[in-house]
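One structure follows; several queries about it will come next.
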Amino acid sequence: MARRFRLLALVLVPLVWVLVSGDGRLAGQARDSGGEWTTFGGDLASRRYRPFDQINRDTFGDLEIAWRFKTDAFGPRPEFTFQATPLMVGGVVYTTAGTRRDVVALDAATGELLWMHREDEGARGEGAPRRLSGRGVAYWTDGREARIVYVTPGYRMIALDARTGRPVPGFGSGGAVDLKLEMDQPIDLETGEVGLHSALVIAHDVIVVGAAHLPGGAPKSRVNVKGHVRGYDARTGKRLWIFHTIPQAGQPGDDTWERDAASYTGNAGVWTQMTIDEDLGLVYLPVELPTGDYYGGHRPGAGLYGESLVALDLKTGQRKWHFQLVHHGLWDHDVPCAPILADITVDGRLIKAIAQPSKQGWVYVFDRATGEAVWPIEERPVPAGDVPGEWYAPTQPFVTKPPPFELQGVTIDDLIDFTPELRAEAVKLVSRYTLGPLFTPPPVSRWEGPLGLLMVPSSTGGANWPGGALDPETNVLYLYSFRNPSVIGLVHDPSRSDMTYVQGLAADPNAPKPAPGAAAGGAEGGGVALTVQGLPILKPPYGTMTAIDLDRGEIVWQVPHGETPDAVRNHPALKGLDIPRTGRTNGRIGTLVTGSLVIAGEPGFFTMPNGLRGAMLRAYDKATGKEVGAVPMPAPQSGSPMTYMLDGRQYLVVAVSGAGYSGELLAFRAPLPPAAR
Amino acid sequence: MPTRAAVLAAWLVSLAPAPAGQMRSVWDGVYTVEQAQRGAALYQTHCASCHGVALTGAEAAPALTGFEFRSNWSGLPLGELFERLRSSMPPEDPGQVSARDKVDVLAHLLAVGGLPAGPAELARDALAGIRFEATKP
């Protein structure tokens, strides 16, 4: 009966939407009847919020597995990095899956496979800069048709009938749009370095498409594909507009590029999620930096729209405002995640705001209509380095409020101090590296020192692509961040790149071949595992969950997220010491906020209380940060949790994978109360 | 010549961990310097573009050295880490690097991680009997 009802609902729900919407505002985009999850971020404001409270402090510890879905067969080999957030619409869960990035539709109550779609792109897919299953799909309906839209590894946009999984004939050519075309630059269809692994966003019948490249620490060339952003008609797949993230000659922002750099420099894509304000008709683009993550000598100038938040008119692609978070970036501080919309009240004034978490540890808050900063963001002088040919921005923007959610820069005081001996070792170890505050420039790597910059937050955060979640009732933003240094040095290596400098570390001139067995230290081709007796070089917390009140611009609470690793708990040098929970580092951990909880899984394996190897899914009281429940999972969280209501029951779905555990969706739900069993 | 079934059986046996009492650990000098040097060259050719020249990871691929890498594999037989390399890396075509070469890459990972070299090369059929341990037992 329930099953029949769901199928009926699948047919009828779009019709009901047409009947009840009336205002037309929501027509032609992902619609949410209340219990669903229709876009990557939960809603187009990227809040990852649902008010449901069936899964709560009393039931969380008793969560049962409703279903699980292994993705090994969706590609020629298993995947170990399953990052998707599934959608749930009309009783059906939709997600990308597997190394082929197939699309699957599952029964939301049981996990049964309803349909799958597969694109074999041959060499084009295998050589793509961003492979694997990606972050998920987008949903679109006009009240009659319903479509699932996604981007393949080979950078083709596919529209599928949501009911059958079949390509939509009227979309592009046979359901596909080749995104390597109409990008205002020549791109080799097979080898051109551009792709996209994030989920698309759709509103007002416009699909917004970003661009991603290979990691940029050591690009082969200063010349690369430009990551322009485009809007497409959701009905036809026709390109509506393009926004040049690297301005063309004569366009605004062109004057931030010196010499001829804008003509050949590439990247500056939007590889992460975008956010849309449907009322204002604006789409917000978190843009990455241009070619060369740590050396910008070939791109002199501030380099708009690198590392900027850009607001575009959704219908036309015209720029409304922008703010550059980092001028002429040298730290790979791409704007990493979807900004979050929040209607906040600051000193009695209502502000339609947008909050942008960052790798560098700040949440930047703006009026989302105008781009004006809600609290002052000050241009302050920063030190220049001495790398030959580099162009240094004289100032960088400093956020004055809210306070940083993560350590920014590093000093001796931040090093491991469980024991005086460990601290002494750490001090000796870092003596070969440059330490300094945020915006300390990376040096040319020298064996005699400095080998490189000890950079905190690292090149991957701070925060990263999962971003945060927002409770719209309280305007508290929740996010996970981690603390782990990157070592950034520059080397001249014409065998690898036509750039004057790329990321690398100097080799020992007296030891042409790196000596295996050497612990921390490093050489090009060797490692820089900056550990002290196998322990992290920085003090804990290694991973943190933070709650930030956006009305007041203040941190409400912070707690370590992730259990203390076995390697700390069992370390011989720490015997007898009482070490509180350290949190876990290096995760890409998305959060979910519900009626009473903040929910997130752990980023690393450990020996769980049940004696098994795995990671916990944890729930915190959203008001206090106190942990109120935890359930074991076989592997760390690798996607971001989402939730939906179906037939009166709340489900919680999360993608897990890692180390030797291949990708799997886990769907939890609270057990029925005894009377209902 | 062994039958296909015999090869399969031998492979399955190689995946199964040896009883704990018989297991060596990665701290026991389980690879040679020369092997790690061969692995270093292979790593730079096939792995570094995603995992970084210094194994520290990047946006699209995790670190293969450091505390979290060790923590996530700690307690598992080295055979599991090898199986991950064998079956899924490099992602565009895991078959382009032979299993023998992947054992050398594994030796490079151990060397970079500061684990000691020893007198004998790491061999594929020994992997199930070597435990990956984050800290020296």
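The values are calculated or read from the model by the stated rules, or taken from the named source; none is laboratory data. The model shown is predicted, which means the values in this text are computed figures rather than measured ones. With ideal geometry, Cβ positions are generated from the backbone for all residues, glycine too; neighbour counts draw on all protein chains shown. For the accessible areas, the whole protein counts, side chains as well, though only heavy atoms, and no ligand, DNA or RNA atoms are used. Shrake-Rupley method; radii C 1.70, N 1.55, O 1.52, S 1.80 Å.
Which numbered condition trips up A:I488, out of (1) within 30 Å of A:A45 (Cα to Cα); (2) modelled with pLDDT of 90 or more; (3) surrounded by 24 or more Cβ atoms within 10 Å (Cβ to Cβ)?
Failed condition: (1).
If I go through region B:120-137 residue by residue, how many of them are open to solvent by 10 Å² or more (accessible area, probe 1.4 Å) and part of a helix (DSSP H, G or I)?
Total meeting the criteria: 4.
Still on this structure, I have one more. A:P565 passes all but one of (1) open to solvent by 10 Å² or more (accessible area, probe 1.4 Å); (2) within 12 Å of another protein chain (Cβ to nearest Cβ); (3) more than 19 Å from A:A469 (Cα to Cα); which number fails?
Every condition holds for A:P565 apart from (1).
Please state which one of B:H46, B:H51 is in contact with a strand residue (DSSP E or B) (Cβ under 9 Å, 6 or more places away or on another chain) and open to solvent by 10 Å² or more (accessible area, probe 1.4 Å). Show your work before the answer.
Working: B:H46 fails: in contact with a strand residue (DSSP E or B) (Cβ under 9 Å, 6 or more places away or on another chain).
Just a single option satisfies the conditions, and that option is B:H51.
Here is a check on your reading of the model: is A:P674 open to solvent by 40 Å² or more (accessible area, probe 1.4 Å), more than 25 Å from A:G587 (Cα to Cα) and out of contact with any Pro (no Cβ under 6 Å at 6 or more places or on another chain)?
Details: open to solvent by 40 Å² or more (accessible area, probe 1.4 Å): yes; more than 25 Å from A:G587 (Cα to Cα): yes; out of contact with any Pro (no Cβ under 6 Å at 6 or more places or on another chain): yes.
For A:P674, the condition - open to solvent by 40 Å² or more (accessible area, probe 1.4 Å), more than 25 Å from A:G587 (Cα to Cα) and out of contact with any Pro (no Cβ under 6 Å at 6 or more places or on another chain) - is met.
Among all residue pairs at least 6 apart or on different chains, which show Cβ distances below 6 Å where the first residue, located in region B:30-53, is within 20 Å of A:K220 (Cα to Cα) and the second is open to solvent by 30 Å² or more (accessible area, probe 1.4 Å) and part of a helix (DSSP H, G or I)?
The qualifying pairs are B:L42/B:D101.
Table: residues versus (1) open to solvent by less than 10 Å² (accessible area, probe 1.4 Å); (2) in contact with a Cys (Cβ under 6 Å, 6 or more places away or on another chain); (3) among the charged types (D, E, K, R).
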position: A:R235; (1), (2), (3): no, no, yes
position: A:R239; (1), (2), (3): no, no, yes
position: A:A249; (1), (2), (3): no, no, no
position: A:D260; (1), (2), (3): no, no, yes
position: A:S263; (1), (2), (3): no, no, no
position: A:T272; (1), (2), (3): yes, yes, no
position: A:G317; (1), (2), (3): yes, no, no
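If you go through region B:27-61 one residue at a time, how many are more than 7 Å from every other protein chain (Cβ to nearest Cβ) and among the small types (G, A, S)?
Kept after step one, since they are more than 7 Å from every other protein chain (Cβ to nearest Cβ), are these residues of region B:27-61: B:27-32, B:34-35, B:38-39, B:41-43, B:45-48, B:51, B:57, B:61.
So of that shortlist, the ones also among the small types (G, A, S) come out as B:29, B:39, B:41, B:48, B:57, B:61.
Summing the residues that are more than 7 Å from every other protein chain (Cβ to nearest Cβ) and among the small types (G, A, S) in region B:27-61 gives 6.
While we're on this one: Could we say that B:R86 is among the basic types (K, R) and more than 13 Å from the chain's Cα centre (by Cα) here?
Details: among the basic types (K, R): yes; more than 13 Å from the chain's Cα centre (by Cα): no.
Here the answer is no, as B:R86 does not meet what is asked.
For a quick check of your reading of the model, give me the residue pairs whose first member lies in region B:62-84 and is more than 7 Å from chain A (Cβ to nearest Cβ), whose second is outside any helix (DSSP H, G or I) and aromatic (F, W, Y), with beta-carbon atoms closer than 6 Å and at least 6 apart or on different chains.
B:L78/B:F132
Now, a different point. Are there strands (runs of 3 or more DSSP E) fully within region A:107-176 with at least 2 residues that are of a type outside the set (D, E) and without any contact (Cβ under 8 Å) to a residue 60 or more places away in the chain? List them.
Details: elements: A:113-117, A:138-141, A:146-151, A:156-161.
Those strands (runs of 3 or more DSSP E) span A:113-117, A:146-151, A:156-161.
Testing A:N475 on (1) surrounded by 20 or more Cβ atoms within 10 Å (Cβ to Cβ); (2) touching a strand residue (DSSP E or B) at 6+ places or on another chain (Cβ under 6 Å), one condition comes back false. Which one is that?
In the conditions (1) surrounded by 20 or more Cβ atoms within 10 Å (Cβ to Cβ); (2) touching a strand residue (DSSP E or B) at 6+ places or on another chain (Cβ under 6 Å), A:N475 misses (1) alone.
Conditions (1) touching a residue at least 40 places away in the same chain (Cβ under 8 Å); (2) surrounded by fewer than 19 Cβ atoms within 10 Å (Cβ to Cβ); (3) within 30 Å of A:I579 (Cα to Cα), marked per residue:
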{"position": "A:K352", "(1), (2), (3)": "yes, yes, no"}
{"position": "A:S358", "(1), (2), (3)": "yes, no, yes"}
{"position": "A:Y364", "(1), (2), (3)": "yes, no, no"}
{"position": "A:A373", "(1), (2), (3)": "yes, yes, no"}
{"position": "A:R380", "(1), (2), (3)": "no, yes, no"}
{"position": "A:T400", "(1), (2), (3)": "no, yes, no"}
{"position": "A:I416", "(1), (2), (3)": "yes, no, yes"}
{"position": "A:V427", "(1), (2), (3)": "no, yes, yes"}
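Taking the condition of being part of a strand (DSSP E or B) and at the interface with chain B (Cβ under 10 Å from one of its Cβ atoms), how many residues in region A:652-669 meet it? Step through it out loud before you land on a result.
Step one: filter region A:652-669 for residues part of a strand (DSSP E or B), giving A:652-658, A:661-669.
From what is left, the residues that are at the interface with chain B (Cβ under 10 Å from one of its Cβ atoms) are A:658, A:661-662.
The number of residues fulfilling the criteria is 3.
Can you report the number of residues in region A:281-321 which are within 17 Å of the chain's Cα centre (by Cα) and on the phi > 0 side of the Ramachandran plot?
Of the residues in that region, 1 qualify.
What pairs can you find where one residue is in region B:90-106 and closer than 16 Å to B:V30 by Cα and within 12 Å of chain A (Cβ to nearest Cβ), the other is open to solvent by 50 Å² or more (accessible area, probe 1.4 Å) and hydrophobic (A, V, I, L, M, F, W, C), and their Cβ atoms are less than 9 Å apart, with a gap of 6+ or different chains?
Short answer, once both residue conditions are applied: B:D104/B:A41.
Quick one: which residue in B:A117, B:A60 is open to solvent by 20 Å² or more (accessible area, probe 1.4 Å), over 30 Å from A:G562 (Cα atoms) and over 13 Å from the mean Cα position of the chain (by Cα)?
Details: B:A60 fails: over 30 Å from A:G562 (Cα atoms).
Matching residue, one of B:A117, B:A60: B:A117.
Oh, and also: Name every residue in region A:12-61 that is at pLDDT 95 or above and outside any loop (DSSP other than H, G, I, E, B), in order of residue number.
Listed by number, the residues that qualify are A:W37, A:Y49, A:F60.
Determine if region A:146-161 includes at least one residue that is under 20 Å from A:A268 (Cβ atoms) and either open to solvent by less than 20 Å² (accessible area, probe 1.4 Å) or of a type in the set (F, W, Y) (or both).
yes
All but one of (1) of a type in the set (S, T, Y); (2) more than 14 Å from chain B (Cβ to nearest Cβ); (3) open to solvent by 10 Å² or more (accessible area, probe 1.4 Å) hold for A:T594, so report the exception by its number.
Failed condition: (3).
Further question: Answer yes or no as to whether B:P90 is modelled with pLDDT under 95, open to solvent by 30 Å² or more (accessible area, probe 1.4 Å), out of contact with any Asp or Glu (no Cβ under 7 Å at 6 or more places or on another chain) and under 24 Å from A:V502 (Cβ atoms). So that I can check it myself, show each step before the final result.
Details: modelled with pLDDT under 95: yes; open to solvent by 30 Å² or more (accessible area, probe 1.4 Å): no; out of contact with any Asp or Glu (no Cβ under 7 Å at 6 or more places or on another chain): yes; under 24 Å from A:V502 (Cβ atoms): yes.
Answer is no for this residue.
Let me ask something else. Scan (1) within 14 Å of chain B (Cβ to nearest Cβ); (2) surrounded by 18 or more Cβ atoms within 10 Å (Cβ to Cβ); (3) free of Cβ contacts under 8 Å to residues at least 40 places away in the same chain for the single condition A:P78 breaks and write down its number.
With (1) within 14 Å of chain B (Cβ to nearest Cβ); (2) surrounded by 18 or more Cβ atoms within 10 Å (Cβ to Cβ); (3) free of Cβ contacts under 8 Å to residues at least 40 places away in the same chain applied to A:P78, the lone miss is (3).
Go through region A:607-629 and give me each residue that's within 14 Å of another protein chain (Cβ to nearest Cβ), surrounded by fewer than 24 Cβ atoms within 10 Å (Cβ to Cβ) and assigned to a strand (DSSP E or B).
A:T607, A:R613, A:G614
Oh, and also: Applying the selection to region A:578-591, what residues are open to solvent by less than 10 Å² (accessible area, probe 1.4 Å) and more than 9 Å from every other protein chain (Cβ to nearest Cβ)?
Across region A:578-591, the qualifying residues are A:T582, A:G583, A:I589, A:G590, A:T591.
Residues in region A:631-651: is at least one open to solvent by 10 Å² or more (accessible area, probe 1.4 Å), assigned to a loop (DSSP other than H, G, I, E, B) and within 14 Å of another protein chain (Cβ to nearest Cβ)?
yes
Still on this structure, I have one more. Could you check region A:214-247 and list, in sequence order, the residues that are under 18 Å from the mean Cα position of the chain (by Cα) and modelled with pLDDT of 95 or more? Give the derivation first.
So in region A:214-247, the residues under 18 Å from the mean Cα position of the chain (by Cα) come out as A:214-216, A:227, A:229.
Result: A:G227, A:V229.
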